[in-house]
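Colleague: So that we are looking at the same thing, I have put the structure below in C-alpha cells.
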Amino acid sequence: MRALVVGASGFVGGAILSRLGPERAVGTRYNNSARHGLARFDAARNGFADLTRVMRGDFSHVILAHGAINPELCAECPVETGKINVESMIRLLQEILDARITPIFLSTDYVFDGTRGLWEDDAAQCPNTEYGRQKAAVEQWLQARSRPWLVVRLSKVVSGERNTHSVLGQWVDDVFAGKSMQSATDQIFSPLHVHDVAESIINLAESGRTGIYNVAGPEALSRYELNNLLVASIKALVPQVNVVVKPCSLRDIRFREHRPLNTSLSIKKAAAAINTKLRPMAQVCSEIAEEHFGTPNYCAGRQLGGGRG
Ligand SMILES: NC(=O)c1ccc[n+]([C@@H]2O[C@H](COP(=O)([O-])OP(=O)(O)OC[C@H]3O[C@@H](n4cnc5c(N)ncnc54)[C@H](OP(=O)(O)O)[C@@H]3O)[C@@H](O)[C@H]2O)c1
C-alpha cells in the first residue's frame, strides 16, 4: 500500500499517516500548519492534478479524510459545507477513479437516523441531519460506480489526546479542571480508539477490500457509560478526584437539528475480513488514565476536582 492521505493534519488522517510512515504515505493539510511536511490542499480550489503535481508517486490508494465535519456547521451552512463535503468530494473521487487508483472515503454513522442500533454495512442510508445527508450522498454516488472504491464508515473515534476533538481527551481536561460533566444516557455509539481505526483502515486496504465497511468499536455504549468508564479508571488511580458525571438526554442539549440517538454499528463484516485487534473502551480508558494520571509527580500540584465537582 502506498497512500496519499487528504486531511492528514486532522485527527483520523494524522493517525493513518503516522501508522503508514513516510515510506508509504504522504499527506495534505488545509489551515493547520503545525504538522510539518504536508502539502496544502484546498478542496474548493484544488483537484487531483494539483495533488499529484506536488506529491509524486505510485499511489495504490487515496484516503479522503478531509472535510467540514462539524454537524452544527453543516446544519448552519448547508450550501457552503455541501460544496466541500459533496460537490468537491465527488469531483475528486471521479478524478481518482479515472486515474485507476482506489479511493477510501471516510464516512460516518450519521448516515443513519439513530432509531435502532447495530446498523449493518449494507443497511440503506437514512440520515436525519445535514452532515449525515452530505455523507450519504457521497456513499450513494460511489455505490453507483463500477471501478473499485472503499467506504469506511466510522462511529465515535476517541483517544486521550487533549488538543483535539476526541471526547475522552476533552473529559481528561475537565477532570484536571475539576469540572463536572454531563453526558447523554440515550446517545449510543460504538467508540473506537483512533489507532485501532487507522490500523483497521490500513488492513482493509492492504487486503484489497472494496465496498462499504463499518469500522467501529466492539461494544455499543452510551456517552454517559463511556464518560463513567473514564472517570472510574481515573478514580482507581487517584481516589481524591471528585468530579461528577451527570446523566442527561441528548434531547436536553440544544442543537440545530435532532441528532440521531443510536448510531451503533455492526462490525461483523470487517471482523470477518481482517483480524485487527480492537481494544474495548474499558482498556482504552485505563490506558488513558494511566497516561495522564498514573505518575504521582505529574498529578502533584494539580487541582483534581476538589470542591467544584
Ligand atoms: N472523528 C470522529 O469521531 C469521526 C466519526 C465519524 C466519521 N468521521 C469522519 O472521518 C473523517 C476524518 O475526521 P477527523 O475527526 O479526522 O476530522 P478533522 O480532525 O476535523 O480533520 C479534517 C481534515 O480536513 C481538512 N480540511 C478541512 N477543510 C478542508 C478543505 N476545505 N479543504 C481541504 N482540507 C480540508 C483539515 O485540514 P486542517 O486541519 O489543516 O485545516 C483536516 O486535515 C471525516 O470524514 C469524518 O466525517 C470522524
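Colleague: Are any residues in region 133-174 of a type in the set (K, R) and touching a Gly at 6+ places or on another chain (Cβ under 6 Å), and if so, which ones?
Modeller: R162
Colleague: I'd like to know if region 258-265 contains one or more residues that are in contact with a strand residue (DSSP E or B) (Cβ under 6 Å, 6 or more places away or on another chain), more than 24 Å from D173 (Cα to Cα) and among the small types (G, A, S).
Modeller: Within region 258-265, one or more residues are in contact with a strand residue (DSSP E or B) (Cβ under 6 Å, 6 or more places away or on another chain), more than 24 Å from D173 (Cα to Cα) and among the small types (G, A, S).
Colleague: Please tell me if L221 is under 24 Å from the mean Cα position of the chain (by Cα) and closer than 21 Å to D113 by Cα.
Modeller: So L221 passes the test.
Colleague: Another question, if that's okay. Taking the stated definitions as given, is N242 modelled with pLDDT under 95 and touching a Gly at 6+ places or on another chain (Cβ under 6 Å)?
Modeller: yes
Colleague: Residue by residue through region 28-79, note down the ones that are more than 29 Å from R133 (Cα to Cα), polar (S, T, N, Q) and within 21 Å of the chain's Cα centre (by Cα).
Modeller: Correct list: S33 only.
Colleague: So if I check each of Q125, Q134, Q143, which one is of a type in the set (S, T, N, Q) and more than 16 Å from the ligand (Cβ to nearest atom)?
Modeller: Sole residue among the options that is of a type in the set (S, T, N, Q) and more than 16 Å from the ligand (Cβ to nearest atom): Q143.
Colleague: Within the group A68, A49, A34, A3, which residue is without any contact (Cβ under 8 Å) to a residue 60 or more places away in the chain and either touching a strand residue (DSSP E or B) at 6+ places or on another chain (Cβ under 9 Å) or under 21 Å from W149 (Cβ atoms) (or both)?
Modeller: A49
Colleague: Hey, can you tell me all the residues within region 150-164 that are among the basic types (K, R) and either away from the ligand (no atom under 14 Å from the Cβ) or assigned to a loop (DSSP other than H, G, I, E, B) (or both)?
Modeller: Scanning region 150-164 gives K156, R162.
The values are calculated or read from the model by the stated rules, or taken from the named source; none is laboratory data. Not measured: the values here are computed from a predicted model. Neighbour counts are summed over all protein chains in view; Cβ atoms, including those assigned to glycine, are modelled from backbone coordinates with ideal geometry.
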